[in-house]
Amino acid sequence: MVFVMKACLLALALCVTAAAQSSNWTLEFANRYAVQPNITYLVANNYDDKLDLYERRDVADAQPTLIWIHGGGWTGGTKESGFNKILPYLEMGWNVVNVEYRLARVSQAPAAVEDCLCALRWVAANAKAHHIDVNRLVVSGDSAGGHLALTTGMIPESEGLDRECPGVALPKVAAIVDWYGITDVNDLLDGANRRNYAVQWLGSAPNRAEIAKRLSPLEYVRPGLPPVLMIHGDADPTVPYQHSIRLKAALDKAGVPNTFFTVPGGKHGGFSASENVQVYGAIKAFLKKNGLPVN
């Protein structure tokens, strides 16, 4: 993990050198941010869940903060793998919290959902110490991380999935940015949309359908949720595009503000440079529309 973190920081340094003439923020990064890797936010099943914190150190007031959750089908991936996705938020001057969680080989469902809720609670509990504005939290992630961003922003405290980390009240996030996340876990366990990663995460428990339903964002759509942006390629072979279509329909019915950005012909991420420019343009427009700074 330390090696990967150093590699990410080296990559950032290279980006700074390459873009020095065209982007002032890269020149200022070292002076603006304190990087604190591998902070343990929860110990569960003898596993240390960790996060990386990118904190503005040139300001005295609380800052808007992105909570990023990596993908990997709940069975793989690392927080470091999402480093490129957080760079635009650093450029905007936001704090970033980059979260890892227990994968299926450590603990099957619902561990990942529980962990991410505990990461949200850690952010709330440590907000004052790290210049984090709990009224301007945005949770985001890709694929399984998109699913976890949705559950983190949508599941109420009354559901009891945060019991491993009692403490301050779970804050309501200001917005959710979902990159092609799973919205109906049961849909991936059997039938035409069966996916091995989902089967591996749920295992063979006799009540797996009940667990999957409890962990599906579609089950938590209701009035009063934070605004949601969905990003999805309409040729995604890994997470059915229909998952985002169904989520949008449910959000519309509940009166929840939302935006759906389709990448025509887009697969499961891996969008082209020009497509990503459009995606991040949509993200900035969405954030601005919902009162969040995009400078």
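So the values come out like this:
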item	result
Considering residues of region 197-215 that are in a loop (DSSP other than H, G, I, E, B) and modelled with pLDDT of 95 or more only, the residue nearest to Arg136 (Cα to Cα)	Leu215
In region 49-64, the residues that are acidic (Asp, Glu) and buried (at least 18 other Cβ atoms within 10 Å of the Cβ)	Asp49, Asp52, Glu55
Of the criteria (1) touching a Ser or Thr at 6+ places or on another chain (Cβ under 7 Å); (2) modelled with pLDDT of 95 or more, which one Thr40 fails	(1)
Residues within region 79-103 that are touching a Gly at 6+ places or on another chain (Cβ under 8 Å) and over 23 Å from Arg57 (Cα atoms), tallied	2
Matching option when the condition is in a helix (DSSP H, G or I), modelled with pLDDT of 95 or more, crowded, with 17+ Cβ neighbours inside 10 Å and not polar (S, T, N, Q), among Leu170, Leu218, Leu225, Leu229	Leu218
Hey, Ile245 aliphatic (A, V, I, L, M) and touching a residue at least 40 places away in the same chain (Cβ under 8 Å) or not	no
Top-ranked residue of region 90-116 - restricted to ones that are under 19 Å from Asn126 (Cβ atoms) and assigned to a loop (DSSP other than H, G, I, E, B), ranked as farthest from the chain's Cα centre (by Cα)	Trp94
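The values are calculated or read from the model by the stated rules, or taken from the named source; none is laboratory data. This structure is a prediction, so every number in the text was calculated from the model and none was measured. Quick reminder, even Gly has a Cβ in these numbers, built from the backbone with ideal geometry, and neighbours come from all protein chains shown.
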